[in-house]
Each structure stands twice: as structure tokens, then as C-alpha cells.
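Chemist: What follows is a structure written as C-alpha cells; I'll ask about it next.
Derivation of every value follows stated rules applied to the coordinates shown; laboratory data play no part. Quick caveat, the model's predicted, so the values are computed rather than measured. For neighbour counting, all protein chains shown are included, and Cβ atoms are generated from backbone atoms with ideal geometry for every residue, glycine included.
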Amino acid sequence: MPPALLSALIRCLLGLTQPDSGHIEINGRPLSKLSHTELARQISYVPQQLAERISFTAMEFISMSRYAYGGGRGAGGGFKQTDEEGLEATEQAIELTGVGHLRHQALSTMSGGERQKVSIAAALAQQTPTLILDEPSAHLDPKQRDIIHDLLAKITREQNISLIVITHDLNWASAEFDRIIGMKAGQTMVDTQADAFMQKQTLMDIFDADWLLHPHPESGRPMVLPSPSQKP
Amino acid sequence: MTDHTKSKLLVALLGITLLCALVTPWLGHILPQWDVIFRPGADDIDAIIFWQIRVPRVLLSLLAGAGLSLGGVVFQALFRNPLATPFTLGVASGASLGVTIAIVSGIHFSLLGLSGTSLAALSGAILSIALVYGIARASGKLSPTTMLLGGVAISFFFSSLILLLQYLSDAGSSFRVLHWLMGDISRASMDSVLQLAPFIISGVLIVSLLHRELNLLSITDDMAASRGVNVDRSRQLLFFAVSLMVAGIITVCGPIGFVGIMAPHICRLIIGSNHRFLIPASLLFGATFLTLCDTLARNISSAAEVPVGIITAILGGPFFLWLLLRKNRSLP
């Protein structure tokens, strides 16, 4: 699916755009009935990549995600710190993601992987039951990608949080996630368990590509391999 | 830099601003006797120069400098563009067009203590604010890009009308327009200070209340929305608060350039991008900077005053180059 459609989907979920048709419900409540802050306590969002120009420190950036709880205020603006619970949530998120040493470092001076961890920490500090991640590892090198994937696995293991991830990494998606929705040109093609998704015919339907499926040598899970015949 | 250090830095900056406000009224070709300070209403020459000319002028430059600097901070964050200034959205060119029409047509009138030129500037500024807002609204949500492009387009259009009017008018009017366009605080009076104060106070108040929204909006709209910010309403509030504040400044002082772009960048380099600290820092820095520039403007030549807009622009040119040449990691 083209990136524009994916970001439209995310913008709908964040309440930034109204869907042309259909409606969105969150925990049984229509999205349009939720206020901006109510929605921010239901869903948090990790963008594909934080822009390099952002010069906030990790701590500043993470505490900003307490906005929906009235947090992130401070003495300089003439307000009192009102969000004691927020400090705790922030510290917990920092510990879980292991970004404590980056606390006072500007985001603009971090590596892509570090920035992504801080971004995830900020979303966790928002204390929502659902976390949406847009291609969380697509721009990272393989090592950083593994670190982010492990972190996300740890989050689902240790926290009671559902992850909704938009990804093109089929092997990762099928290995880590319970439910996969395959989309093509804005239409849902399949909505199924990970195992059922990794079928030659399903992949053919969505991607028009004839890939090989091969079991992983250790886990035995099917992995997508490019067909040698398609290589130039 | 920790928050504690930043707070200390703000206190130091406040000290510098106060010092500047206390010292600058004494500076000039005539050095008033120190005891004029006890004679605010007196009609001797020292007291008149001190209380009726220099003190209002310093107060006005403090207010205008603070307002322009804050306007730059907000627009640079809101449009996520380091080149944005308080004038980028056409407020200055709208006001300038109003003044040009008033001067060239030769209409003289006044209303509620405001001169014809001031009223023309205010109407022009408000017209341009309404136009930019209308254009942005017509294209749906208030997208930063549409607002920026709309503002720039309107600026160019109004500027060309100003050139046309100047070309068609006589030399006297043309010079008066040119002089107004440079920005000038020399016409300051206690009345103009009191006229401008409500614009600045309300602008500063609204922006300060929205400093958390401004932080998030300076990242991306999506990010701000996902954290719970009502993006559209916040942007609308900030746009109107800053635009009206800047309209007030232009009405009283003319379009003084470069304060609104230099002061925010210098403050950001020193104190960081967190608007909780950046807002007060830029208010203080802008106030001090413009007051010092104006003190320079009225003392640099013994023959005649130089409009302060020329001083800020002369300092602004090299600053732009420096800004371009350095690494831009601290920009918003």
C-alpha cells in the first residue's frame, strides 16, 4: 500500500482526518465523540522517524507526552508541576526502554536507533492501552532493527499494551504478532492469524509476487524468501 | 543545560533587561541632571527630554522588541521554518499598504486618539490577517504550508501595490512612505506606550498559556495531535494572538525588521528549544536588543537620527549569513 494511504489511515486513527466513509470506534466509543485529550489517553503514536532537526532533549520530549494529563508544565511558564503520576510514568518508560543515559541529550545528536527508543519511551509515558507504530524499524540498520524489535517484544510481554504496527517486514510481523491485516490499495485483503497469513497464495494476492516460503531453521516458522528467478 | 541552569540564566537576563531599561534613558547628546528622576511633571528642558521623550521611547522599544521577538518564536515553531518572521504572513505588508494609501491620498483624520496613519496601518494589518486566514480556511484545515504560501503571496502582492502607489505619487509622499517603511520609534509618547501595551500583554499571555502546545506543534502536527493537542484550535489561537500583537507594534512603530528573526534564533542557541524557557528568554532578549539598537539609532549620528529599522537590518544581514553557514541543528 502506498505510504500516503497508510498515513491517511493513521491520521484517521489520531482524529486528524475524518474518514470518507465508515466510522472508527475505540473501546466501543465512536472516535468522533472523544475529545482530543481523551483520545490521547487511549492511543499513543510512534511516527516512522523523528526529524533530525528536533533539538529537544530526551527528557523534554518524553515529558511532553504527558500533555493529555496536564503534565509538562513547569516553573518557567508560571505553572506548577501538577503531574506527580506523570513523573513516575516517565521514569518507568525511560527504564523500560533503557534510555536513561540519553536523558539530557538533544534528539538531534542521537543515532536513528536511539531516537527511535526515545520516541517509544515517550509513547509509553503517555500510558495508553494501545500503541500505534508506523514502520518502527524500516529506516534502521539490521542491528538497530533487532534492538527495536526486541524492545517491542519486551513491551508486549511486560506491559498490558496492544501494539498496532504498520510494517512491510513480513517475517517480523508473522513471527511477533497475533493478528495480521493484509491491505492492498486501501482494501483489506486478509485479516487472519500470523500462520494463516504466510501462505503463498495470500502473499500472491496482496503483493503480486511469487515468493518462496521456507521454514526458519530454528523456530520452524515460515519465512519469505525472494525467488531466485526474479533476480536480474 | 539543566532546567535549573536555564532558570538562573533567565534571572540573569531579566537583570540585564532591567539594567538596560534603567540606563538607556540617560544616554544621549544631552545628559540630564540626575535629579530629574524626582521631577516627572516638571517643564524644564531636562525633565521634558527625560520624561516625555526618552522614557516613553525606551518603554516603547522594550514592548515592541519583546513582541516582535515573541512573534518570531511562535511563527518559527508553528510553521517549523527557521526563516519565518512575525511579518511572514503579510501583516507588515498589509499595514504598509494601508499607510501608503493614507499618505499618498493625503487624507488626514484621527479617531480615538489614533492618527490617520496608525488607523490605516491597523486596518491594513487586519485585512491581511483576515485574507491569510480566509485563504488557509478555504483550503480546509489550517495547514502550515498553505498559511505560509498564502502569506508570502499576499506580501508580494501588497508590496507591488505599494511600489505602484509610490511610483505614481510625488516625491514628498514617496519619501514619507519610505521613512515609515523603515520602522521608527522616534515618535514615541506615553500615549503610544499605553496604546501598544494591551496588544503586547494579551499576546504574551495567550502564547505563554500555550507553551506546551507550541512545543508539540514545533515537532509535527501528527505528533501534537497524538499527544492530545487540538491542533487546529491551538494554531488558530496562536496565529491570531501573534498577528494582532504584531499589528499593534507595526501600527505604532512601523515594520521594524530583523528583531523577529534574530532574537529567537540567538535565544534558541543559548537556552534551547523548550518554549517554557524560550518564551521568557526571547521576550527579555528582544526587549533589550531593540532598546540598545534604538539607543544606537538616536546617538550614532549627531546630525540626524537614523531610523532604528536600519540599525536592526544592518546587524541582521551578517547574522543571516552566519545562520546559513553554521550547522543548523539548533533550528526549530
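Chemist: Taking amide H positions as placed in the peptide plane 1.01 Å from N, state which residues far from A:K184 in sequence (5 or more) or on other chains have amide H under 5 Å from it.
Modeler: A:M189
Chemist: Can you show me the helix-derived [θ] at 222 nm for chain A, built from DSSP H runs with n ≥ 4 at -39,500 (n - 2.57) apiece and divided by the number of residues, rounded to the nearest 500.
Modeler: It comes out at -11000 deg cm²/dmol, rounded to the nearest 500.
Chemist: Based on the Cβ-Cβ distance of A:S227 and B:L9, what FRET efficiency does E = 1/(1 + (r/R0)^6) give at R0 = 56 Å, to the nearest 0.05?
Modeler: Computed FRET efficiency for A:S227 and B:L9 comes out at 0.35.
Chemist: Moving on. Say the dipole of the protein assembly as shown comes from +1 at the beta carbon of Lys and Arg and -1 at that of Asp and Glu; which of A:Q116, A:P19, B:I256 then lies farthest toward its positive end?
Modeler: Sorting the options by dipole projection puts first B:I256.
Chemist: Okay, next question. Based on Cβ point charges of +1 for Lys and Arg and -1 for Asp and Glu, what charge dipole magnitude is obtained for the protein assembly as shown about its Cα centre, in debye rounded to the nearest 20?
Modeler: 640
Chemist: DSSP beta bridges in the range A:3-168, what fraction antiparallel, as a percent rounded to 5?
Modeler: Rounded to the nearest five, the antiparallel share is 25 percent.
Chemist: Among B:16-24, B:39-47, what's the highest-first ranking by average C-beta atoms within 10 angstrom per residue?
Modeler: The packing order, highest mean first, is B:16-24, B:39-47.
Chemist: Still on this structure: Which value, in debye to the nearest 20, gives the size of the charge dipole of chain B about its Cα centre, when Lys and Arg are +1 and Asp and Glu are -1 at the Cβ?
Modeler: 1080
Chemist: If you don't mind, another one. Measure out, as a whole number of angstrom, how far apart the alpha-carbon centroids of the range B:120-199 and the range B:212-286 sit.
Modeler: So the separation of the two Cα centres works out to 19 Å.
Chemist: Assuming R0 = 30 Å, can you tell me the calculated FRET efficiency for the pair A:T156 and A:T188, based on Cβ-Cβ distance, to the nearest 0.05?
Modeler: Working from the Cβ atoms, E equals 0.85.
Chemist: Using the Karplus curve 6.51 cos²θ - 1.76 cosθ + 1.60 with θ = phi - 60°, work out ³J(HN,Hα) for each residue of the range B:151-168 in order, rounded to whole Hz, and write x for Gly and Pro.
Modeler: Each residue's phi maps through the Karplus curve to give x, 5, 4, 5, 4, 5, 4, 5, 4, 5, 5, 4, 4, 4, 4, 5, 4, 7 Hz.
Chemist: Test of understanding: in a Gaussian network model of chain A with alpha carbons linked when under 10 Å, which of A:Q49, A:Q105, A:Q126 would top the mean-square fluctuation ranking?
Modeler: Answer for the Gaussian network model of chain A: A:Q105.
Chemist: Do me a favour and compute the ellipsoid semi-axes for the protein assembly as shown from its Cα gyration tensor, root of five times each eigenvalue, largest one first, whole Å.
Modeler: 54, 26, 20
Chemist: With a 10 Å cut-off between alpha carbons and a GNM built on chain B, which of B:L205, B:L238, B:L78 moves the most?
Modeler: B:L205
Chemist: At B:L27 and B:A130, where each label point lies 7 Å from the Cα along Cα→Cβ, what is the point-to-point distance in nanometres?
Modeler: 4.2
Chemist: Order of A:H23, A:H149 from fewest to most other C-beta atoms within 10 Å? Can you show the working numbers first?
Modeler: On the way: A:H23 10, A:H149 17.
By the 10 Å Cβ count, ascending: A:H23, A:H149.
Chemist: While we're looking at this one, here's another question. Once you sort the root eigenvalues of the Cα gyration tensor of the range A:3-168 as a ≥ b ≥ c, which label holds: rounded (a/c under 1.5), prolate (a/b larger than b/c) or oblate (the other case)?
Modeler: oblate
Chemist: If each of A:Q199 and A:I164 carries a label point 7 Å out from its Cα toward its Cβ, how far apart are those two points in nm?
Modeler: About 2.6 nm, to one decimal.
Chemist: Next up: For chain A, with a Gaussian network of springs between Cα atoms less than 10 Å apart, report the residue from A:T188, A:T109, A:T156 with the top mean-square fluctuation.
Modeler: Highest fluctuation of the listed residues: A:T188.
Chemist: How many partner chain Cβ atoms sit within 10 Å of a residue's Cβ in peptide B:275-282, on average, as a whole number?
Modeler: Shielding by partners across B:275-282 averages 3.
Chemist: Here is a follow-up. So, with +1 on the Cβ of K and R and -1 on the Cβ of D and E, and no other charges, what is the size of the charge dipole of chain A about its Cα centre, to the nearest 20 debye?
Modeler: 380
Chemist: For the pair B:I270 and B:L205, what calculated FRET efficiency results from E = 1/(1 + (r/R0)^6), where r is the Cβ-Cβ distance and R0 = 30 Å, to the nearest 0.05?
Modeler: FRET efficiency, B:L205 to B:I270: 0.80.
Chemist: Okay, helix-only estimate at 222 nm for chain B: each DSSP H run of n ≥ 4 adds -39500 (n - 2.57), divide by all residues, round to 500 deg cm²/dmol; what do you get?
Modeler: Theoretical 222 nm ellipticity from helices: -23500 deg cm²/dmol.
Chemist: Nearest-5 percent of antiparallel DSSP beta bridges in the protein assembly as shown?
Modeler: Numbers: 15 of 24 bridges.
Here the share of antiparallel DSSP bridges comes out near 60 percent.
Chemist: Going highest first, how would you order B:176-185, A:196-205, B:163-172 by mean Cβ packing within 10 Å?
Modeler: B:176-185, A:196-205, B:163-172
Chemist: Around A:L133, which amide H atoms from residues at least 5 apart in sequence, or from another chain, sit under 5 Å from its own amide H, with H modelled in the peptide plane?
Modeler: Hits under the 5 Å cutoff: A:V46, A:I164, A:V165, A:I166.
Chemist: Ranked by Cβ crowding within 10 angstrom, fewest neighbours first, how are B:R268, B:R233 ordered?
Modeler: With the sparsest Cβ surroundings first, the list reads B:R233, B:R268.
Chemist: Neighbour counts of other C-beta atoms within 10 Å: give me B:L70, B:L283, B:L196 arranged from fewest to most.
Modeler: Fewest-to-most ranking of B:L70, B:L283, B:L196: B:L196, B:L283, B:L70.
Chemist: Of the peptides A:84-91, A:140-147, A:207-214, how do they stack up when ordered by the mean number of other Cβ atoms within 10 Å, highest first?
Modeler: A:84-91, A:140-147, A:207-214
Chemist: How crowded by other chains is B:213-225, given as the mean number of beta carbons from other chains within 10 Å of each beta carbon?
Modeler: Average neighbour count from other chains, rounded to a whole number: 5.
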